[in-house]
Amino acid sequence: MSKELVDLVVDMREEEAVKLAEKLLEEGVDPLSLLDDCREALGVIGDRFAAGECFVPELILAGEMLRQIGALVKPKIESSGKGSQEKIGRIVFGTVEGDIHDIAKDIVVFMLDINGFDVMDLGVDVPAAKFVEAVKEFKPQVVGLSGFLTLAYDPMKNTVQALKDAGLRDSVKVMIGGGQMDDNVAAYAKADAYGKDAMAAVKLAKGWIGVN
Amino acid sequence: MPKPENFDKLTPDQKREARIDAWLNHEGLEFTDPAAEKGYRERAQLFADAFLMKKPKRVPVAIATGFCPFVYAGYSCKDAMYDVEKLGKAMKKFHVDFMPDTAASAGLYPPGKALEILDYKLYHWPGHGVPENTSYQCAEAEYMKPDEYRTYLNDPSDYFIRTYMPRVFGALEPWKELPPFTDLLELPFIPYGMLHFGLPHIQESLKKLMQVGEISLEWAGKVTEIDNGIITSLGLPKYQGGFSKAPYDVIADTMRGTRAIMLDTFRKRKEILECCERNIPFMTKMPYGAYTWGAPPTVFFPLHKGADSFMSPKDFKELYWPSFKAVMLNLIEDGFIPFLFVEGSYNQRLDIISDPDIPAGSTIWYFDQTDMQEVRKHLQGWACFAGNFPSSLFRAGTVDQVKDHVKKLIDDCAGDGGYILVNGAVLDEAIPENLHAYVNTAKEYGVY
């Protein structure tokens, strides 16, 4: 455990954080512990985000630091044969049909992943049938529908309906989010909830599967 | 009312007054009948009073139209951009049937054919990258690379011609081979500066540009006809004049993209600030291109990457606000009224934007999801504000919900003037009864 690394990541000191990670690896520190440090830092950043003390650019930079440190650590983990983190739940996530916005979706997927979920990211402009197929195959507890436009309201509704028609609606909780989404749209689409940002999505998903 | 000969010698307040008068007196427009002309004056007066925070007869009501006129007319979104006859019919029908207090412009739906010839990459549009019944959407990418800030700063126009345009328009890709025009200095250099225009692939790009020019010219003529037809037959004024952007958004939306600019706020902070500063004169000049005397005195700014969800209040104050404010002050100085469309929310910026350097009554703040009680606290008596009707209610709400929400907004915001009712985000789909309820409730309940 390196408190120094945790602090550097939390303080958004990118270059120093990556350099320290390199140094620690050279010194023979357990590579998995570096990932634990990053996760701890991301936990702090996520809490600060939820409290309105840090913002999306910080989440993006944190993701970027994690990617760089992950790339340093990966070859060492593969050579030592050590496994990855235990997952707490499965989520299928995508931007609904006709909508190509991905930034918010990517941030939510990233935060869900960091918080221990196994996320199947279907990308953007995802037809309802593809969500149905993914739910059958991946058996998630939660489905996340992202959309930015007012034209995403009906595709959201259609996707929830398609899950129902396939007999899958009762097996999943559905959350929606993005630009022009709100509680009105959640009710209209017959989703279970609307989440206003990435940490709201994490909170909803954790609540539904019963972990804190 | 022609432009006063001594316009340049007037004070900013006098200039604004002259621009408003020219608009109220519809300089350059011939109405089809006296009733339409009277209606125009009355409606424009509602807005003019609201802009200046005087008490109008009632709260003016507008609809921010995305593609809803086409969905409503039974056309596809693609039709709007590929069939100018349908574009005209749908716009006319929408305004005749709903009669908000202002006319939306057909100019928001550019000709798809021209964009196709250009091979424009920054957007996908109906039938071209997104389904035929979906609105156009931005497809951001790093059209400016992270190490190119300095090149842009050295010569923005040269950067646009030889680097940005070749990347964002496939048809102009060959322009990356052109030498800089600033080399054309002395007689012996001319042929070496010009010989590229003899190359077949460069000539091909110029031919495409001429085709695009012809299509755009014809389209612009028709759009003016459509818009003026609505204005002069129904008596609905436009209320949005020129167009500009916050200097930060120029880099963030168009050149670097959301994700990249966010990383740049940590990695390239100094360069971002310099670019914002560099963009001030361009963004000050931009609205003059579309403005003719008698047009609405407002300059519309769609504000994007400074919203609550995109940056901290500290970054807003340091990176976004100073250059944006400078552009606004330049335009205010010349009698324009910046019309600032805050997409997303500005809940954490209200104390920053209510800046005492900006004269009272010289801006309009149009909000999407910002808390209007707080807006009223911060802005009332200093600037006109507008918006916040949730577009979701048009599609997902009931008639009663729409009526209740209109009443609530009027109760919360109307005060003694200075509020315009408008939906917070452009609208693509709506239940017609909900739109009628929205306009009619505003007209009945919004009387002062």
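The numbers here are math on the coordinates, done by the rules we state, and not lab data. Everything quoted here is computed from the prediction, not taken from an experiment. Cβ: placed from backbone, ideal geometry, glycine included. Neighbour counts: every protein chain shown.
Brief remarks follow.
- Built amide H within the under 5 Å cut-off of residue A:120, gap 5+: A:91, A:92, A:93
- Coarse-grained scattering of chain A at q = 0.10, 0.11 Å⁻¹, given as base-10 log I(q)/I(0) from a Debye sum over alpha-carbon atoms: -0.47, -0.56
- Chain B: calculated mean residue ellipticity at 222 nm from DSSP helix runs of at least 4, using -39500 (n - 2.57): -14000 deg cm²/dmol
- Residue of B:104, B:18, B:290 that the Gaussian network model of chain B assigns the largest fluctuation, springs spanning Cα pairs under 10 Å: B:290
- Chain A: most fluctuating residue of A:133, A:97, A:53 per GNM, C-alpha cutoff 10 Å: A:53
- Principal-axis analysis of the Cα atoms of chain B puts helix B:12-24 at an angle of about 70° to the longest axis.
- Each DSSP beta bridge with both residues in the protein assembly as shown is either parallel or antiparallel, and the antiparallel ones are about 10%.
- Separation of segment B:299-335 from segment B:115-182 is 24 Å, based on Cα centroids.
- Taking the charge dipole of the protein assembly as shown about its Cα centre, with +1 at Lys and Arg Cβ atoms and -1 at Asp and Glu Cβ atoms, the residue from A:10, A:179, A:50 reaching farthest to the positive side is A:179.
- Stokes-Einstein diffusion of chain B at 20 °C, 1.002 mPa s viscosity, Kirkwood radius from Cα pairs, rounded to a whole number: 92 µm²/s.
- Mean partner shielding of peptide B:385-392, defined as the number of other chain Cβ atoms within 10 Å of each residue Cβ, is 3.
- All aspartates and glutamates inside 14 Å of residue A:203 as judged from Cα atoms, apart from same-chain residues fewer than 8 positions distant: A:47, A:113, A:192
- The charge dipole of segment A:52-171, taken about its Cα centre with unit charges on the Cβ of Lys, Arg, Asp and Glu (plus for the first two, minus for the last two), comes to roughly 420 debye.
- Cross-link partners for residue B:57 among the lysines, with Cα-Cα distance under 19 Å and sequence neighbours closer than 8 places in the same chain left out: B:38, B:238, B:407, B:408, B:443.
- Anisotropy class of segment A:89-209 from Cα gyration tensor, a/c 1.5 cut: rounded
- Helix-only arithmetic for chain A: the sum of -39500 (n - 2.57) across DSSP H runs with n ≥ 4, divided by the residue total, places the mean residue ellipticity at 222 nm at -18000 deg cm²/dmol.
- GNM remark for chain B: springs join alpha carbons under 10 Å apart, and the peak mean-square fluctuation among B:289, B:112, B:306 falls on B:289.
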